[in-house]
1. State the number of residues belonging to the range 153-167 that are open to solvent by 50 Å² or more (accessible area, probe 1.4 Å) and in contact with a strand residue (DSSP E or B) (Cβ under 7 Å, 6 or more places away or on another chain).
2. Identify, from the list 118, 162, 133, the residue that is more than 24 Å from residue 49 (Cα to Cα) and among the charged types (D, E, K, R).
3. So if I check each of 185, 96, 150, which one is closer than 17 Å to residue 223 by Cβ, hydroxyl-bearing (Ser, Thr, Tyr) and open to solvent by 60 Å² or more (accessible area, probe 1.4 Å)?
4. Quick check on the range 50-90: of everything there that is in a loop (DSSP other than H, G, I, E, B) and of a type in the set (Asp, Glu), which residue is farthest from residue 218 (Cα to Cα)?
5. Answer yes if at least one residue in the range 68-90 is modelled with pLDDT of 95 or more, polar (S, T, N, Q), closer than 23 Å to residue 148 by Cβ and buried (at least 18 other Cβ atoms within 10 Å of the Cβ), and no otherwise.
6. Considering only residues that are within 19 Å of the chain's Cα centre (by Cα) and among the hydroxyl-bearing types (Ser, Thr, Tyr), which ones fall in the range 164-209?
7. Please find, within the range 110-126, the residue that is farthest from the chain's Cα centre (by Cα) out of those that are of a type outside the set (S, T, N, Q) and open to solvent by less than 20 Å² (accessible area, probe 1.4 Å).
8. How many residues does the range 157-168 hold that are under 13 Å from residue 192 (Cβ atoms) and in a strand (DSSP E or B)?
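The values are calculated or read from the model by the stated rules, or taken from the named source; none is laboratory data. Fair warning: this is a prediction, and the values are worked out from it, not measured in the lab. Cβ atoms come from the backbone with ideal geometry, glycine included; neighbour counts cover every protein chain shown. Protein only, heavy atoms only, side chains kept; ligands, DNA and RNA dropped before computing areas. Shrake-Rupley method; radii C 1.70, N 1.55, O 1.52, S 1.80 Å.
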Amino acid sequence: MMLWQATLRPGFLWRVLGFAGAALASCSVLAEVQLYETGPSQDSSYLRFVNGSTQALEVEASASKVKLVLQPSSPASDFQPVRARSEIKGALLQGSARQDVALSVQPGEFATVLGVTDGKGALAVKVLREKPDSFNALKASIGFVNVDPSCTAAGLKVAGRDVALFENASGEAISRRMINPVVLSVQLVCGGQAVGAPLDLGQLQAGQRYSVFVVPSAQGARLVHSKDNVAN
């Protein structure tokens, strides 16, 4: 049985899914961190869950059925280290909707399991993978990905200015760039037109990574963002 536990910000203590019997602990349970070895020649692998919907989303372990709840106001868990190439099983739950999850994470890979709902309210799972290849202690790193097919040629601009951070993002590949650690608000652009209200990312921090997701909703494409924290 594979099981480890770690802290989920803010204040959640949880167990991350693992092969054939891993579990997520409820936020009220205090637990010590138990880490799996990765082997001396193997890079660590990391996994997180993100709620890309406007309702609470539950993550359920396949064996224990213990659940973690992600609220829209705090949609992302921390990245947690997992054993590379081990099978991870569970489910995302929202109301009566359920989507099973099964994946493995490669050495050095950061995987995001993103739960979204389409315009009709159907729950779907998107698995996004990234292998970070750069770090700059003086810059902030922003990633951008479009998982809403209705948003064509998705782009991200600095709010109130004609400055493009990303252009023509399509498919589900994460694009990433370095920027100065400034106070930043961004505007979603679909097909050359601004969509929705600007999103305030606040004060970006040097050496920190951030992700911005274009997700579907009943009102059309919208932005969800996270700070890419790695659990201690």
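1. Residues of the range 153-167 open to solvent by 50 Å² or more (accessible area, probe 1.4 Å): 157, 160-163, 167.
Subsequent filtering for residues that are in contact with a strand residue (DSSP E or B) (Cβ under 7 Å, 6 or more places away or on another chain) retains 157, 163, 167.
Selection size over the range 153-167: 3.
2. Values: 118 fails: more than 24 Å from residue 49 (Cα to Cα); 133 fails: more than 24 Å from residue 49 (Cα to Cα).
Going through 118, 162, 133 in turn, just one is more than 24 Å from residue 49 (Cα to Cα) and among the charged types (D, E, K, R): 162.
3. Numbers: 185 fails: open to solvent by 60 Å² or more (accessible area, probe 1.4 Å); 96 fails: closer than 17 Å to residue 223 by Cβ.
Selected residue: 150, the only one of 185, 96, 150 that is closer than 17 Å to residue 223 by Cβ, hydroxyl-bearing (Ser, Thr, Tyr) and open to solvent by 60 Å² or more (accessible area, probe 1.4 Å).
4. To start, the set of residues in the range 50-90 that are in a loop (DSSP other than H, G, I, E, B) comprises 52-56, 62-66, 72-73, 75, 77-78, 83-87.
So of that shortlist, the ones also of a type in the set (Asp, Glu) come out as 78, 87.
Details: 78: 27, 87: 33 Å.
Here the residue is 87.
5. Within the range 68-90, none of the residues are modelled with pLDDT of 95 or more, polar (S, T, N, Q), closer than 23 Å to residue 148 by Cβ and buried (at least 18 other Cβ atoms within 10 Å of the Cβ).
6. Kept after step one, since they are within 19 Å of the chain's Cα centre (by Cα), are these residues of the range 164-209: 166, 169-178, 186, 188, 199-202, 204-205, 207-209.
Within the range 164-209, 170, 175 meet the criteria.
7. Filtering the range 110-126 down to residues of a type outside the set (S, T, N, Q) leaves 110-111, 113-116, 118-126.
Those still in the list that are open to solvent by less than 20 Å² (accessible area, probe 1.4 Å) too: 111, 113-116, 123.
Values: 111: 8, 113: 6, 114: 6, 115: 9, 116: 11, 123: 16 Å.
Looking at residues that are of a type outside the set (S, T, N, Q) and open to solvent by less than 20 Å² (accessible area, probe 1.4 Å), I get 123.
8. First, pick out the residues of the range 157-168 that are under 13 Å from residue 192 (Cβ atoms): 157, 162, 164, 167-168.
Remaining after also requiring in a strand (DSSP E or B): 157, 164, 167-168.
Going through the range 157-168 one residue at a time, the tally reaches 4.
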